[in-house]
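See below for the structure under consideration.
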Amino acid sequence: MEELVQQIEQLKQEINEYQSVSAELTEAFRIKYLGTKGIVKNIMGEMKNVPNDRKKEFGQILNEFKVFAESKYEFLKESTNGSTKASATIDWSLPGDPVGVGSRHPLSLVRNQIVSIFKRLGFAVAEGPEIEDDWHNFGAMNLPEDHPARDMQDTFYIHKDPSWLLRTHTSSVQARVMEKQKPPIRVICPGRVYRNETVSARAHCFFHQVEGLYIDEHVSFADLKQTLYFFVQEMFGKDVKVRFRPSYFPFTEPSAEMDISCLICGGEGCNVCKHTGWVEILGSGMVHPKVLENFGIDPNKYTGFAFGMGVERIAQLKYQVNDLRLYSQNDIRFLKQFTGAV
Ligand SMILES: [Zn+2]
């Protein structure tokens, strides 16, 4: 019995040192140790020669030895299988798999285009937080508490007293610029905004805006019109017509909404323009003197204009997408249609 135990120890040593570099050598290991005529079976056959009172003890040693050999075999199999399989199935001379190249989101494409047009006119890009306090989002923009115009911009409040909310427009960024900078100011503010709206094809609880602000001495409504006219021509082509309709915003006076001639029907009337030949693309106006005063800018010396547009709206007209929800559904079939778009 002692001899057998010693023999097992030696075999364990041997197994431990066994190395294999191929599936053939691993198979040789299996046959030698674990095969039907292998060493493990062989030694197990010695059990009958062990005295009865030591059978239990020897049984344990044998079992341990068997598990040891089996786990070594599993290890060898795993390490050699991979290498033989790899060398057998991979043809290294073949060209590699093409790497999938993503594309920019259509809203990013349109935003970048808007930004680049205004950059050429000398506008700088300003960004700000999406979580805002009440003052920067409403108060500073001449929308005091209880102002009925707040109803048009119902949003998501994160905290009450003091009020923290998800900004309803990027005008809050204009407020932050006016807070830090003295005129002349010429910035555009692209970013995501939030409204408490039921999600449908025409409305969403979040969307993207690009707002612009220009404050200097002698800035007039003519400057506003010419700037926006230039933008529209660059964005949609030279043939597009523009019209301004009087409107109301608490932060501009006078205010106007701007329409462009319908790109789909060329002005003749269709579903997109509701048979009017015109589609609204942005709101604009001369900065309200109260807003300038809020930031210590003298309204008798300085004037300015501001405008704001929805990026989704511009993208919708440019790409003729009729459902706003498509932009945020992350559907690859929709998104990959813009791979070639500039
Ligand atoms: Zn039309």
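The values are calculated or read from the model by the stated rules, or taken from the named source; none is laboratory data. No experiment lies behind these values; they were computed from the predicted model shown. Methodologically, a virtual Cβ is constructed for each residue, glycine included, from the backbone with ideal geometry; neighbour enumeration extends over all protein chains shown.
Points worth noting:
- Candidate set from the range 177-208 (those that are touching a His at 6+ places or on another chain (Cβ under 7 Å) and either among the acidic types (Asp, Glu) or surrounded by fewer than 18 Cβ atoms within 10 Å (Cβ to Cβ) (or both)); member that is nearest to GLN316 (Cα to Cα): ARG192
- Residue count for the range 142-174, restricted to those that are in contact with a Pro (Cβ under 6 Å, 6 or more places away or on another chain) and part of a loop (DSSP other than H, G, I, E, B): 2
- Qualifying residue in the range 209-230 (condition: of a type in the set (A, V, I, L, M, F, W, C), more than 16 Å from the ligand (Cβ to nearest atom), closer than 20 Å to GLN320 by Cα and exposed (fewer than 14 other Cβ atoms within 10 Å of the Cβ)): no
- Scanning the range 248-298 for residues that are of a type in the set (Ser, Thr, Tyr) and under 21 Å from ILE114 (Cβ atoms), we see that the one that is farthest from the ligand (Cβ to nearest atom) is THR252.
Conditions tested, residue by residue: (1) among the aromatic types (Phe, Trp, Tyr); (2) out of contact with any strand residue (DSSP E or B) (no Cβ under 8 Å at 6 or more places or on another chain); (3) outside any loop (DSSP other than H, G, I, E, B); (4) not assigned by TED's automatic domain parsing to the domain that holds LYS290.
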| residue | (1), (2), (3), (4) |
| --- | --- |
| LYS55 | no, yes, yes, yes |
| ASN63 | no, yes, yes, yes |
| SER79 | no, yes, yes, yes |
| VAL99 | no, yes, no, yes |
| GLY122 | no, no, no, no |
| HIS136 | no, yes, yes, no |
| ALA140 | no, yes, yes, no |
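- Among residues of the range 1-41, those that are more than 20 Å from GLU74 (Cβ to Cβ), surrounded by fewer than 11 Cβ atoms within 10 Å (Cβ to Cβ) and at pLDDT 85 or above, counted: 3
- Residue in the range 286-306 that is exposed (fewer than 14 other Cβ atoms within 10 Å of the Cβ), modelled with pLDDT under 90, farther than 16 Å from THR227 by Cβ and basic (Lys, Arg) present: no
- Identity of the residue in the range 299-312, under 16 Å from SER220 (Cα atoms), of a type outside the set (Lys, Arg) and outside any strand (DSSP E or B), that ends up farthest from the ligand (Cβ to nearest atom): ASN300
- Taking the range 140-151 as the range and being surrounded by 13 or more Cβ atoms within 10 Å (Cβ to Cβ) and either without any contact (Cβ under 8 Å) to a residue 60 or more places away in the chain or touching a His at 6+ places or on another chain (Cβ under 7 Å) (or both) as the test, the residues that pass are ASN142, PRO144, ARG150.
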